[in-house]
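J.: Here it is: the structure, laid out below.
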Amino acid sequence: LSSKPSITPVLYGYFRSSCSWRVRIAFALKGIEYEQKPVNLIKDGGQQLTDQFKAINPMQQVPAVTIDGITLSQSLAIIQYIEETRPEPRLLPADPKQRGQVRIICDIIASGIQPLQNLYVLQKIGAEKVQWAQHFINRGFEALEPILKQTAGKYCVGDEISMADICLVPQVYNAERFKVDMSQFPTIRRLNQTLTEIDAFKVSHPSCQPDTPDDLQA
Amino acid sequence: MATQAKPVLYGYFRSSCSWRVRIAFALKGIEYEQKTINILKDGGQQLTDQFKAVNPMQQVPAVTIDGITLSQSLAIIQYIEETRPEPRLLPADPKQRAHVRIICDIIASGIQPLQNVYVIQKIGEEKVQWAQHFINRGFEALEHILKQTAGKHCVGDEISMADICLVPQVYNAERFKVDMSRFPTIRRLNQTLIEIDAFKATHPSCQPDTPDDLQA
């Protein structure tokens, strides 16, 4: 195995992809510089569908990351790899039970909400896409709200930023895009409000990425 | 502290996510109690207020263990892994660990949530094509990835969480009559795994709540 210093990580993502944003937040929290190669999910029928990108991620989705000589996909797998190889500051609590709580929150979002309202699925749903997206976001947030009431301190789980916060903020952004009524979720709102003031969440926001269209820039 | 009670799994015989947890318990040699949540009967027992108190997301599996209640199969399994480390379900090397997680997440985020009972009930008439579509899409990606990562098992030669996720998903694929001939690596891996005790003993055909007509 080579012991050469790693080249800068590369993130294949899209400004508005909530899963890509999770990875951007993780890199920012860890203070890791990286290069972005935008994959426009809408242009040219979707640049994620090119053979070139398929070679990077056979699932033809963003995000994907090249780091330490390997290519990874699936945002939570990427973030956990970053966590395990660059441990400071930590993104998972030391205690296994609290870690379990963080993962539950992440998985409700990453398995229970976002995959049901991503671009690919909504394109298949067709005319009813907004109601469909609202339905699944509401369903997931209705579960998250009581869970977070139990687990949250200043952040989703206790008082330290974790992967749960990394997943929450981009999902709230999606909820707002689909005009979900957030008044029913006061804990989610409070947490999101705190988190969106933090640098790592601000600099990685969809409104200020290299591929953000002019009309959507902050 | 009092002696720990046995863990309790709230699951359903045919729920692939519940089966993942059953496999993990079996691989670790952990005895547990099963409480059946029949997701079809009475309009779906997961929708009762009683179960909602166990899991606000109203899904199986949920597990009570060490005085806490956990949901989300991969969160449950990783908790078990971290508190009962032998035998290991994740490789020691971070890069291999990432490969395991990628495979798990393709299944647990990219396939299964698009073809579970809740979603296909909403899809209605086209449910079989819908389920086949998402399973095919995910398996096309997995076939490619597994060709790179697999030895005897999904990642190298040791059983991992990737294998735990794969077998129940193949079972789902077969239920939806997905053409598995296109996925030789998945088939080979599944064939090896289903011969292993932990996968056999936990199979949907032989659970406490398996209906008579579906028993092995």
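J.: For the stretch B:145-193, what percent of Cα pairs sit more than 12 Å apart?
T.: Everything past 12 Å amounts to 59 percent.
J.: Given the convex hull over the Cα atoms of the protein assembly as shown, what projected area results after averaging over all orientations, in nm²? Could the numbers behind the result be given before it?
T.: Numbers: hull surface 85.1 nm².
If I average the Cα hull's projected area over directions, I get 21.3 nm².
J.: Provide the gained length on full extension for the span B:R175 to B:I68, in nm with one decimal, where the gain is 0.36 nm per separating residue minus the Cα-Cα distance.
T.: 35.1 nm
J.: Related question: Determine the gain in length on full extension of the stretch A:T8-A:K97; use 0.36 nm per residue of separation and subtract their C-alpha separation, reporting nm with one decimal.
T.: Here the segment from A:T8 to A:K97 would lengthen by 28.6 nm.
J.: To continue, here is another question. So if I place +1 on the C-beta of Lys and Arg and -1 on the C-beta of Asp and Glu, and nothing else carries charge, what would the dipole magnitude of the protein assembly as shown be about its Cα centre? I want it in debye, nearest 20.
T.: Using Cβ point charges on Lys, Arg, Asp and Glu, the protein assembly as shown gives about 240 debye.
J.: Express the C-alpha Rg of the stretch A:92-140 as a ratio against the empirical globular expectation 2.2 N^0.38 Å, rounded to two decimals.
T.: 1.46
J.: With the Cα gyration tensor of the stretch B:1-122 giving a ≥ b ≥ c as the square roots of its eigenvalues, does the rule (a/c under 1.5 for rounded; else a/b larger than b/c for prolate; else oblate) give rounded, prolate or oblate? All intermediate terms of the calculation are to be shown ahead of the outcome.
T.: Details: a/c = 2.28, a/b = 1.19, b/c = 1.91.
Judged from the Cα gyration tensor, the stretch B:1-122 comes out oblate (a/c at least 1.5, b/c at or above a/b).
J.: Any chance you could look up the accessible area of A:K149 with a 1.4 Å probe, heavy atoms only, rounded to 10 Å²?
T.: 120
J.: From Cα pairs below 8 angstrom and at least 6 apart in sequence, can you work out the relative contact order of chain B, rounded to a whole percent?
T.: Reported relative contact order: 23 percent.
J.: Quote the accessible area belonging to B:Y12 in square angstrom, nearest 10, computed with a 1.4 Å probe and with ligands, DNA and RNA left uncounted.
T.: 20
J.: Here is a follow-up. Can you tell me, using C-alpha contacts under 8 Å and at least 6 residues apart, the relative contact order of the stretch A:26-71 as a whole percent?
T.: Working: 23 pairs, mean separation 8.9, N = 46.
Relative CO of the stretch A:26-71 lands at 19 percent.
J.: Now, a different point. Can you tell me the alpha carbon radius of gyration of the stretch B:170-216 divided by the globular rule-of-thumb value 2.2 N^0.38 Å? Please list the in-between numbers first.
T.: Values: Rg = 12.1 Å, N = 47, 2.2 N^0.38 = 9.5 Å.
Against the compact-globule rule of thumb, the ratio is 1.28.
J.: Just the C-alpha atoms of the stretch B:100-211: what Rg/Rh do they give, with Rh taken as the Kirkwood radius?
T.: 0.97
J.: Report, as an integer, the average count of C-beta atoms from other chains found within 10 Å of each Cβ along A:61-73.
T.: That average works out to 2.
J.: Let me ask you something else. How would you order A:107-114, A:180-187 from highest to lowest mean count of nearby Cβ atoms within 10 Å? All intermediate terms of the calculation are to be shown ahead of the outcome.
T.: Values: A:107-114: 26.1, A:180-187: 14.4.
Ranking, from highest mean packing down: A:107-114, A:180-187.
J.: In Å, what is the Rg of the alpha-carbon atoms in the stretch B:56-128, and how long is Dmax?
T.: Looking at the stretch B:56-128, its Cα Rg and Dmax stand at 15.4, 46 Å.
J.: If you take the beta carbon distance between A:H135 and B:K35 as r and set R0 to 35 Å, what does 1/(1 + (r/R0)^6) give as a FRET efficiency, to the nearest 0.05?
T.: That pair, A:H135 with B:K35, gives E of 0.80.
J.: Which of rounded, prolate, oblate describes the stretch A:1-73, given a ≥ b ≥ c as roots of the alpha-carbon gyration tensor eigenvalues and a/c under 1.5 marking rounded, otherwise prolate only if a/b is larger than b/c?
T.: oblate
J.: Further question on the same structure: Could you please report the charge total around B:V117, scoring K, R as +1 and D, E as -1 over all other residues with beta-carbon less than 11 angstrom from its beta-carbon?
T.: My count for the surroundings of B:V117 gives +3.
J.: Average partner chain C-beta neighbours within 10 Å, per residue of B:143-155?
T.: Across B:143-155, the average partner-chain Cβ count within 10 Å equals 1.
J.: Apply the membrane-span-like helix rule to chain B: whole DSSP H runs, Cα extent along the own long axis of at least 30 Å, mean Kyte-Doolittle hydropathy at least -1.0. List the helices found.
T.: Taking the DSSP H segments of chain B (at least 30 Å long, mean hydropathy at least -1.0), we get B:127-149.
J.: Calculate for chain B the 222 nm mean residue ellipticity that helices alone would give, adding -39,500 (n - 2.57) per DSSP H run of length 4 or more and normalising by residue count, nearest 500 deg cm²/dmol.
T.: -14000 deg cm²/dmol
J.: Run through all the Cα pairs of the stretch B:17-59 and give the fraction in each 10 Å bin from 0, expressed as whole percent.
T.: Bins of 10 Å from zero give 26, 44, 27, 3 percent of pairs.
J.: Just to check, using Stokes-Einstein with a Kirkwood Rh over alpha carbon pairs, what's the diffusion coefficient of chain B at 37 °C and 0.692 mPa s in µm²/s? Before the final figure, lay out each step's value.
T.: On the way: Rh = 17.7 Å.
In µm²/s, the coefficient is 186.
J.: A further question on this structure: How crowded by other chains is A:101-107, given as the mean number of beta carbons from other chains within 10 Å of each beta carbon?
T.: Values: counts 4, 1, 9, 11, 2, 3, 11.
For peptide A:101-107, the averaged partner shielding equals 6.
J.: Between the alpha-carbon centers of the stretch B:4-39 and the stretch B:152-174, tell me the distance in whole angstrom.
T.: Here the two parts' Cα centres lie 17 Å apart.
The values are calculated or read from the model by the stated rules, or taken from the named source; none is laboratory data. Predicted model only: the values in this text are computed from it and were never measured. Note that we place each Cβ from the backbone using ideal geometry, even for glycine, and neighbour counts take in every protein chain shown. Calculation scope for accessible area: heavy atoms of the full protein, side chains included, ligands and nucleic acids excluded. Shrake-Rupley method; radii C 1.70, N 1.55, O 1.52, S 1.80 Å.
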